[in-house]
1. Just one of Arg137, Arg152 is of a type outside the set (Phe, Trp, Tyr) and closer than 23 Å to Ser61 by Cβ; which is it?
2. What are the residues in region 184-198 that are touching a Gly at 6+ places or on another chain (Cβ under 6 Å) and either under 14 Å from Val117 (Cα atoms) or of a type in the set (Asp, Glu) (or both), if any?
3. If I filter region 176-200 down to residues being among the hydrophobic types (A, V, I, L, M, F, W, C) and buried (at least 19 other Cβ atoms within 10 Å of the Cβ), which single residue comes out as farthest from the chain's Cα centre (by Cα)?
4. Restricting to region 104-115, give me the number of residues that are surrounded by 14 or more Cβ atoms within 10 Å (Cβ to Cβ) and closer than 21 Å to Leu77 by Cβ.
5. Out of all the residues in region 155-185, which are of a type outside the set (A, V, I, L, M), closer than 16 Å to Phe121 by Cα and either without any contact (Cβ under 8 Å) to a residue 24 or more places away in the chain or touching a His at 6+ places or on another chain (Cβ under 9 Å) (or both)?
6. Condition check: within 17 Å of Val86 (Cβ to Cβ) and surrounded by 20 or more Cβ atoms within 10 Å (Cβ to Cβ). Does Leu173 satisfy that?
7. So for region 116-134 (the condition being surrounded by 12 or more Cβ atoms within 10 Å (Cβ to Cβ) and at positive phi), does at least one residue qualify?
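The values are calculated or read from the model by the stated rules, or taken from the named source; none is laboratory data. Small disclaimer: the values here were computed from a predicted structure and weren't measured. As a convention, Cβ positions derive from the backbone with ideal geometry for all residues, glycine included, and neighbour counts pool all protein chains shown.
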Amino acid sequence: MTETNDNPKQQKKGRRVFLSIVGIYAVTLSVAWIWSQNTDTFAIEGTSNKGTLIEPPRPVSLDDSIELEGFAAEDALRRIWTIIYVTDNSCDTICLDRLYKLRQTRLALGPQRMDRVQGLFLHNGEFSTETQAVLERDHNGLMIHQLADTNRIRTALTELYGEGFEGLGHIYLVDPFGNLMMQYEGDASPYAIKKDLKHLLKVSRAG
């Protein structure tokens, strides 16, 4: 009697595990298809204002203890698109100007899209009193972390751009699966970034 009662439960559990595995692969393939279909959109065309597709995309996270695949793991870089700005200083005038442009880029997406995008600021050093005041006043909701505390992101960027990558002042885009997938020059046009984001949000239901 016991074996008869347990079999249906085991079968249902096995079916759920199987469907979860299939679902992860299906989502991964869907994202890969989106990238392959839109490579031309993100290719550099003789200007630093176009995003550069990172191939292959690099899985990253803010929490070193979590898994790096699928939606299963909870991490601040999952289930939402993330714009990352990296600087090698404690945030000078140029840094604050770029953070302002990124904030405006997100707002320009409109109320229906902006909630699908978040910002992450990675830096070295301590902020001045003036900078801290600006960040608190104008950038509520922006995630701020020291580069030294983000091992996976730092490692991925070092592999891609070498030691001292933080001095490049690049902007990066991470997809809702935690993949580092796009890179922009620090002085990239906010319009170009917004255009790319709108396209990605339109063709992808993720995030």
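1. Arg152
2. Within region 184-198, just Asp196 meets the criteria.
3. Ala188
4. 5
5. Within region 155-185, Glu166, Gln183, Tyr184, Glu185 meet the criteria.
6. On the way: within 17 Å of Val86 (Cβ to Cβ): yes; surrounded by 20 or more Cβ atoms within 10 Å (Cβ to Cβ): yes.
Taking the combined requirement at face value, the residue satisfies it.
7. Yes, there is a match, as at least one residue in region 116-134 is surrounded by 12 or more Cβ atoms within 10 Å (Cβ to Cβ) and at positive phi.
Rundown of residues vs (1) surrounded by 14 or more Cβ atoms within 10 Å (Cβ to Cβ); (2) under 27 Å from Glu126 (Cα atoms); (3) at pLDDT 55 or above, yes/no style:
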{"residue": "Ala32", "(1), (2), (3)": "no, no, no"}
{"residue": "Glu45", "(1), (2), (3)": "no, no, no"}
{"residue": "Ser65", "(1), (2), (3)": "no, yes, yes"}
{"residue": "Ile83", "(1), (2), (3)": "yes, yes, yes"}
{"residue": "Arg98", "(1), (2), (3)": "yes, yes, yes"}
{"residue": "Leu102", "(1), (2), (3)": "yes, yes, yes"}
